[in-house]
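What follows is a short report on a single structure.
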Amino acid sequence: MLYVDDRLSRHPKILAAAQILGGPNDGGRVLALFLDAMSYAKANFTDGFVPDRFLKNSPLIVAPMTVARAMADPTVNLWHRVEGGFQFHDWLDWNKSAAQIKEKREKWRRTKAEQRRSGNGQFQGNVQGGVHRGH
């Protein structure tokens, strides 16, 4: 699940990156790349790291690396340039770490497996001939 600040489109850092780029639609470019990269980082458990190869292949915007560099500008501070890509600023202040997410999922899997072994996780309703006959 991806959670987004309901004021993101007007966030001062988004607007500052757009101002660096200077075009009339650059706020949309910044926002599109930010959300695309955020989705990537969450889905791939990168703890906020986004590789250059992902950004370069963005189907959403023109010149994604130019937008990424504007987002990493020290006056903006949305991202930090790191080897091989960019790191979201303060990612772990707002998101669970990959280790926390994996631990929670593993705990859930163990709980469900135990429920299934004990019969707690199985359907116990009225079944005739393999077909549920609900009332």
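Quick note: the coordinates plus some simple rules give every number you see, no bench work behind them. Computed from a prediction, not measured in an experiment: that's the story for all the values here. A quick note on method: Cβ atoms are made from the backbone with ideal geometry, for glycine too, and the neighbour counts reach across all protein chains shown.
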| How large is the charge dipole for the chain, taken about the Cα centre, if only the Cβ atoms of Lys, Arg (+1) and Asp, Glu (-1) carry charge, to the nearest 20 debye? | 780
| Mind ordering 56-67, 20-31 by average Cβ neighbours within 10 Å, highest first? | 20-31, 56-67
| remark: Relative to the chain, whose Cα atoms define the longest principal axis, helix 26-43 and its Cα axis are tilted in degrees, nearest 10, by 40
| request: May I ask you to list the lysines whose Cα is less than 30 Å away from that of Lys13, ignoring any residue fewer than eight positions away on the same chain? | output: Lys42, Lys56, Lys96
| field | Rounded to whole Hz, the Karplus (6.51, -1.76, 1.60) HN-Hα couplings of segment 85-92, x for glycine and proline | value | x, 9, 10, 4, 5, 6, 3, 6
| request: Add +1 for every Lys or Arg and -1 for every Asp or Glu among the other residues with Cβ under 14 Å from the Cβ of Arg53, and state the total. | output: -2
| query | Which value in deg cm²/dmol, rounded to the nearest 500, describes the helix-derived mean residue ellipticity at 222 nm for the chain, given -39,500 (n - 2.57) per DSSP H run of n ≥ 4 and division by the residue count? | reply | -15000 deg cm²/dmol
| query | So what is the relative contact order of segment 8-89, in percent, for Cα pairs below 8 Å that sit 6 or more residues apart? | reply | 30
